[in-house]
Amino acid sequence: MKRVAAALTAVLVAGLLAAPPARGQQYPNKPIRIVVPFAAGGTSDILARAIGPHITTAWGQPVIVENRAGANGNVGADYVAKSAPDGATLLLSDVGALSINPSVYTNMPFDPAKDFSPIVMVSYSPHVRVQWAYIPYKGGSAAVTDVVAGNANVLFNGMLATYPSVKGGRLKGLAVSSAQRVPSAPELPTVAETLPGFETGSYQGLLAAAGTPREIVTKLNAELTRILNTNDMKEFLAKQGTEVRAGTPEALGTFIVNEKARWAKVVKEAGVKAD
């Protein structure tokens, strides 16, 4: 009997020693999807397609960018919010879906502050105004296309998706919404030069569904921070008039909440509502 007990103890000890690695070490063990809640060609889409190959190179897993446009980002964001919290489905979205929509839409299908695990801020860029009845679009790329074609007169959009058309002569840039002129576009004045104190912009953040294990969030944050601070990515973003602001998951979460409060005042004063 003692020999049997000893044998069982040995088996248990061996089992403990051979315990599987933590989830963060196993991750990712399947392809990663980055959901962009807007049409292809906009700022979030450009960024997702820029960082995807870097993730594949580092981790050996395919990265699939999936555009799920609708309701100013709500459709795609809600899809990720309700996905499995395993880090295999990520959301790359902006200030509109994460910080403005909660004040605009009466019945939001998700709560940006509760239904996501923030990972990292991917970029921050001022808006550029291009020479107003308001016309909503499924994404910035469609808006740029219509202004270039003469179907709309004025555009207020993120630098990353808009400035290439300004540089190419297809659009005329009027001003940027940052506090200071953008180094890559010094010819564009700031709105603040005419209206002192005016400053706004758009951020792009990477998030996963709420409940995603902390070790997976930490691993994603570390890798994305490394990628965003490589020379080629920093140079790419700088040329487009946007900047790297990678930080902690907590920093992104706080930023989203603060921007929500800021835009809630604007939405209330403007009386903007959508069903």
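The values are calculated or read from the model by the stated rules, or taken from the named source; none is laboratory data. Since this is a predicted model, take the numbers as computed values, not measurements. Note that each Cβ is placed from the backbone with ideal geometry, even for glycine, and that neighbours are counted across all protein chains shown.
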What number goes with the only condition from (1) modelled with pLDDT of 85 or more; (2) touching a Leu at 6+ places or on another chain (Cβ under 8 Å); (3) closer than 24 Å to Pro164 by Cβ that Leu207 does not pass? (3)
May I ask you to list the residues in the stretch 40-68 that are more than 23 Å from Pro28 (Cα to Cα) and surrounded by fewer than 20 Cβ atoms within 10 Å (Cβ to Cβ)? Ala40, Gly41
Which of the residues that make up the stretch 239-250 are assigned to a helix (DSSP H, G or I) and surrounded by 15 or more Cβ atoms within 10 Å (Cβ to Cβ)? Lys239, Pro249
(1) modelled with pLDDT under 75; (2) outside any helix (DSSP H, G or I) all hold for Ala192 apart from (2)
Search result, residues across the stretch 211-222 that are buried (at least 17 other Cβ atoms within 10 Å of the Cβ) and either out of contact with any strand residue (DSSP E or B) (no Cβ under 9 Å at 6 or more places or on another chain) or not in a helix (DSSP H, G or I) (or both): Thr212, Pro213, Lys219
Can you list the strands (runs of 3 or more DSSP E) lying wholly within the stretch 17-114 that have 3 or more residues being within 23 Å of Ala264 (Cβ to Cβ)? 89-94
